[in-house]
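First comes the structure, then the notes that go with it.
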Amino acid sequence: TSRQAPMPVAAAVEIKSDVDRPAYKVSPNPDAYALIVGVEKYNTLPDARFADRDARAMNAHLLAMGYPQRNIVLLTGSQATRTGLVKNLEAWLPNNVTERSTVLFYFSGHGAPDAKTSQAYLVPMDGDPQYLEETAYPIKHLYSTLAALKAKRVIVALDSRTPDIGS
C-alpha cells in the first residue's frame, strides 16, 4: 500500500481593500465622539463575516476624519457584549458629549426581530435570539438613548441583518 502525503491546510486568506485605510486626514475635532461595534463571532449564532474588520475600518476612517482616539470606543470580539453597549451608550456618551458634539454610532453584526412584539434588536456577541429582551439591545431604545444626548448631531449606521439559523 502506498501512503499519500497529507494535503496542506490552506492558510487563511486576509482580504485587504484600499477602502480599509483612508488616504486623507483632517484636523482633530475634540467634539467628535463615536461608539463602534463589530460583532463577527457569536456564542449562539453563525458568524457575521467581516464585521470586526468593518468596525476597525470605520475606526480608521473616523480617526482620519478628525475624531480623537480618546473619543472613540471600539467594541469587537469579547468586548462587544450587551454590557459593553449599555455602559457606553447609557453612561460614557452622556457623561462626555456636549452641545457642540457630533456623535456617531456604528454597528456591524446581527440583528433580530422579536416575533411576539415586532421589536427589532441589535444582537451583541453574548446575545441569544431566544431571549432577545434579556440579552440584546432594542433599536427603539438605541434611538431614544441617542436622541436624549445633548449633542448637536447624531449619526447612526447599522450594518445588520437577521442571521439564517435554520428551522
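The values are calculated or read from the model by the stated rules, or taken from the named source; none is laboratory data. Keep in mind it's a predicted model, so treat the numbers as computed, not measured. Methodologically, a virtual Cβ is constructed for each residue, glycine included, from the backbone with ideal geometry; neighbour enumeration extends over all protein chains shown. Just the protein is used for accessible areas: all its heavy atoms, side chains included, with ligands, DNA and RNA removed. Shrake-Rupley method; radii C 1.70, N 1.55, O 1.52, S 1.80 Å.
Once the 1.4 Å probe is applied to the protein heavy atoms, the stretch 101-142 comes out at 42 Å² accessible per residue.
Using Cα atoms only, what is the angle between the long axis of helix 51-64 and the major principal axis of the chain, expressed in degrees (0 to 90) to the nearest 10? Taking Cα atoms only, the helix is inclined about 40 degrees. Phi angles of the stretch 128-144 translate, via the Karplus equation with coefficients 6.51, -1.76, 1.60 and θ = phi - 60°, into HN-Hα couplings of 10, x, 7, 9, 4, 4, 8, 10, 10, 10, x, 5, 4, 5, 4, 5, 5 Hz per residue; Gly and Pro are given as x.
Strictly over 22 Å apart at the Cα level, which of 116/140; 87/150; 116/150 would you flag in this model?
On the way: 116/140 15 Å; 87/150 17 Å; 116/150 33 Å.
Over 22 Å apart, Cα to Cα: 116/150.
Springs between Cα atoms under 10 Å define the GNM used for the chain, and in it the highest mean-square fluctuation of 59, 29, 71 occurs at 29.
At a 1.4 Å probe radius, carbon and sulfur cover how many percent of the accessible area of the stretch 50-167?
Values: 3050 of 6070 Å².
Accessible surface attributable to carbon and sulfur in the stretch 50-167 totals 50 percent.
Among the trypsin sites (Lys or Arg not before Pro) found in the stretch 49-117, those both in a DSSP coil and sparsely packed, with 11 or fewer other Cβ atoms within 10 Å of their Cβ, are 49, 116.
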